[in-house]
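First the structure, in the form of structure tokens, and then the observations on it.
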Amino acid sequence: MQILPYQPDQSGMAYPVGTTLDRFIKLKQSDFPFASGELSQLLRDIALAAKIVNRETNRAGLANIGGAFGQTNIQGEEQQKLDVIANIRFIRALSKGGEVCAIVSEEEDAVIDLQNSSGKYVVAIDPLDGSSNIDVNISIGTIFSIYRRKTPIGSPIQEEDIMQPGSEQVAAGYVLYGSSTMLVYTTGFGVNGFTYETSLGEFFLSHPNIKAPKVGKIYSINEGSEPEWQIGIKDYILQCKQNGYSSRYIGSLVADFHRNLLKGGIYIYPATLKNQSGKLRLLYEANALAFIAEQAGALAIDGEKRILEIIPKSLHQRTPLLIGSSEMVLEAQSMLQKSKLPLSQQMSESLEG
Ligand code: AHM
Ligand code: MG
């Protein structure tokens with residue numbers, strides 16, 4: 001009889017592909033030597049809600065829960081039934097765990113004070129982004145940001161707990177309900193992606209330590225708005241075309257961002273003449289993806305400065321967003337800057353360049 005020693009994973013990786021999300025979160029808790037486990041629990045709560053929303057999105061066509069709900073949210077956009085369901089699911093999951101004191105949601109006009117003054121964390125969430133794609137079976141996503149509260153634990157929540165710049169995030173992530181469902185998150189120590197195995201009901205590590213290519217060949221922007229773009233954006237997109245890049249635009253931020261993160265590319269939702277602040281929301285859309293982008297070696301700016309440095313002034317504040325492969329974002333930024341210079345200076349700079 002031959003007895004062979006068990007050969008453990010040979011990849012030499014600390015966290016081998018196939019590790020469950022639960023186990024990964026537990027192992028990674030050592031990144032926070034002074035933490036008492038609440039953040040880990042909070043991430044688990046989000047993963048559980050994501051599984052439930054995943055189930056709902058998968059059966060949307062069957063169960064007749066797609067389509068409009070008949071109400072509009074604070075932005076005046078029509079709420080879809082699934083938006084409402086996702087909102088309820090996430091709020092329920094976040095309120096049960098006891099780690100969270102307040103929630104900002106795209107679907108809620110005001111901050112939700114969970115009346116849990118012992119909660120250490122504030123969560124900003126877009127429960128279901130890409131709402132125009134819900135009804136037509138196209139990828140949608142959840143985006144979340146986690147902040148540590150600023151005021152002492154035990155005291156009522158204050159504005160300073162909520163209005164924090166993205167640089168203060170302790171964790172952020174997204175769930176992509178696509179051809180497979182993925183959860184991608186960071187706690188400031190790199191970015192890891194987990195794929196959901198439906199039959200086992202588990203997320204498994206499938207994309208360890210994601211690093212974005214410095215440059216790619218994809219640009220993602222709603223070209224229907226071109227007449228409204230600033231000169232710098234027009235110039236940059238023209239250059240993308242001259243370079244032979246591909247245009248890819250799903251209209252679900254999470255899906256467009258995720259593809260570009262893995263393949264290399266840039267996503268732009270610019271300021272337009274009609275909407276000087278763009279469309280996307282700083283607190284629960286741009287900040288989380290900006291944190292992930294930077295952790296993966298990519299960049300996120302509003303045209304001039306880092307998204308993560310913007311001090312929010314209002315809950316549902318919008319921001320222009322240029323996010324993706326670092327060299328592409330820098331190039332777009334420099335073209336935007338150049339287009340603001342007086343024409344004579346632009347000419348001399350382009351002659352020099
Ligand atoms: P939503 O929060 O109402 O879903 O809007 C955000 C979405 C993003 O997912 C997407 O990138 C963008 O809006 C698309 O907007 P547009 O249709 O103007 O191109
Ligand atoms: Mg949204």
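The values are calculated or read from the model by the stated rules, or taken from the named source; none is laboratory data. What you see is a predicted model; the values in this text were computed from it and never measured. Glycine also receives a Cβ, built like all others from the backbone with ideal geometry; neighbour counts cover every protein chain displayed.
I need every pair where a residue in region 128-155 that is in the same structural domain as Glu56 (by TED's automatic domain parsing) has its Cβ under 8 Å from the Cβ of a residue that is among the acidic types (Asp, Glu) and more than 12 Å from ligand 1 (Cβ to nearest atom), sequence separation at least 6 or different chains.
Tyr147/Asp161; Tyr147/Glu168; Arg148/Glu168; Arg149/Asp161; Lys150/Glu160; Lys150/Asp161; Thr151/Glu160; Thr151/Asp161
Please work out which one of (1) acidic (Asp, Glu); (2) within 16 Å of ligand 1 (Cβ to nearest atom); (3) under 17 Å from Arg44 (Cα atoms) is the condition Asp109 fails and give its number.
Of everything listed in (1) acidic (Asp, Glu); (2) within 16 Å of ligand 1 (Cβ to nearest atom); (3) under 17 Å from Arg44 (Cα atoms), Asp109 misses just condition (3).
Let me spell it out: the conditions are (1) more than 21 Å from Ile88 (Cα to Cα); (2) aliphatic (A, V, I, L, M); (3) part of a strand (DSSP E or B), and Ile157 meets all of them except one. Which number is the exception?
In the conditions (1) more than 21 Å from Ile88 (Cα to Cα); (2) aliphatic (A, V, I, L, M); (3) part of a strand (DSSP E or B), Ile157 misses (3) alone.
Under the condition of being assigned to a helix (DSSP H, G or I) and of a type in the set (Val, Ile, Thr), which residue from region 122-154 is surrounded by the most Cβ atoms within 10 Å (Cβ to Cβ)? Step through it out loud before you land on a result.
Let us first name the residues in region 122-154 that are assigned to a helix (DSSP H, G or I), namely 131-136.
With the extra rule that they be of a type in the set (Val, Ile, Thr), the set shrinks to 134, 136.
Numbers: Ile134: 23, Val136: 8.
Of everything passing the filter in region 122-154, Ile134 is surrounded by the most Cβ atoms within 10 Å (Cβ to Cβ).
When you go through Gln230, Gln164, Gln239 one by one, which is the residue that is in contact (Cβ under 8 Å) with a residue 24 or more places away in the chain and closer than 19 Å to Ala286 by Cα?
Working: Gln230 fails: closer than 19 Å to Ala286 by Cα; Gln239 fails: closer than 19 Å to Ala286 by Cα.
Matching residue, one of Gln230, Gln164, Gln239: Gln164.
Report, by residue number, each residue of region 176-214 that is crowded, with 16+ Cβ neighbours inside 10 Å and under 27 Å from Cys240 (Cβ atoms).
Within region 176-214, Leu176, Gly178, Met182, Val184, Val191, Gly193, His207, Ile210, Ala212, Pro213 qualify.
Could you go through region 210-221 and let me know if any residue there is within 16 Å of ligand 2 (Cβ to nearest atom) and at pLDDT 95 or above. Don't jump to the end; show me each part of the working.
Narrowing region 210-221 to residues within 16 Å of ligand 2 (Cβ to nearest atom): 220.
Then drop every residue that is not at pLDDT 95 or above, which leaves 220.
Looking through region 210-221, at least one residue is within 16 Å of ligand 2 (Cβ to nearest atom) and at pLDDT 95 or above.
With the condition being of a type outside the set (Val, Ile, Thr), surrounded by 15 or more Cβ atoms within 10 Å (Cβ to Cβ) and modelled with pLDDT under 70, I'd like the strands (runs of 3 or more DSSP E) fully within region 44-112 carrying at least 2 qualifying residues.
On the way: elements: 68-72, 78-80, 100-105.
Hits in region 44-112: 78-80.
Pick out, from region 245-340, the helices (runs of 4 or more DSSP H) lying fully within it that include 2 or more residues that are within 11 Å of ligand 1 (Cβ to nearest atom) and either among the aliphatic types (A, V, I, L, M) or not assigned by TED's automatic domain parsing to the domain that holds Val123 (or both).
Counting at least 2 such residues, we get 253-263.
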